[in-house]
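A quick write-up on the structure given underneath.
Nothing in this text is a laboratory measurement; each read-out follows from the coordinates by a stated rule. Predicted model only: the values in this text are computed from it and were never measured. Counting neighbours? That spans all protein chains shown, and the Cβs are built from the backbone with ideal geometry, glycine included.
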């Protein structure tokens with residue numbers, strides 16, 4: 001599945017990036033409601049687990065009115081950020097855009113469900129443009 005959000009959106013502190021378009025639809029094991037920031041992964045398999053590769057990229061900047069400081073995003077699993085996926089940039093001024101990217105593998109046990117999202121951990125509002133999330137079932 002590939003979902004995107006090309007227009008600039010402001011993401012509140014501790015909020016999720018919202019994805020507004022589906023470039024490539026998912027399957028019964030990868031579910032997303034257009035306009036939502038959540039993707040549900042289901043462990044639909046005859047094996048012990050389903051393995052997914054999750055990749056995210058986008059352009060980020062501090063939103064108007066924000067104090068200059070680091071921007072931090074991360075992939076969150078059931079609302080909890082996965083620290084190994086932290087994406088951190090420090091712009092010199094509001095409106096300075098940087099590109100961020102991260103990916104990871106995630107195992108979902110048979111019969112279980114995980115909800116994933118891209119969470120703003122910055123403590124301030126940020127702008128994001130050309131957000132792209134790809135979720136692939138690889139095993």
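What spacing in nm lies between the two simple spin-label points modelled at residue 49 and residue 8, each 7 Å away from Cα in the Cβ direction?
Distance between label points: 4.1 nm.
Go through (i) 119; (ii) 86; (iii) 98 and flag the label whose value is the computed volume of the Cα convex hull per residue in Å³ for this structure.
Of the listed options (i) 119; (ii) 86; (iii) 98, (ii) comes from this structure.
Quickly work out the residue 40-to-residue 67 label distance, labels modelled 7 Å from Cα along the C-beta direction, and quote it in nm with one decimal.
Each label point lies 7 Å from its Cα, and together they span 3.9 nm.
Would you mind putting 91-101, 53-63 in packing order, based on average other-beta-carbon counts within 10 Å, highest first?
My ranking of the peptides, most packed first, is 53-63, 91-101.
Ordered by packing density, taken as the mean number of other Cβ atoms within 10 Å over each peptide's residues, highest first, how do 32-41, 110-119 rank?
Descending mean neighbour count gives 110-119, 32-41.
Length gain on complete extension for the stretch residue 115 to residue 78, per 0.36 nm per residue less the alpha carbon to alpha carbon distance?
In short, 12.8 nm is gained.
For a Förster distance of 25 Å, can you work out the FRET efficiency between the beta-carbons of residue 22 and residue 101, rounded to the nearest 0.05?
That pair, residue 22 with residue 101, gives E of 0.75.
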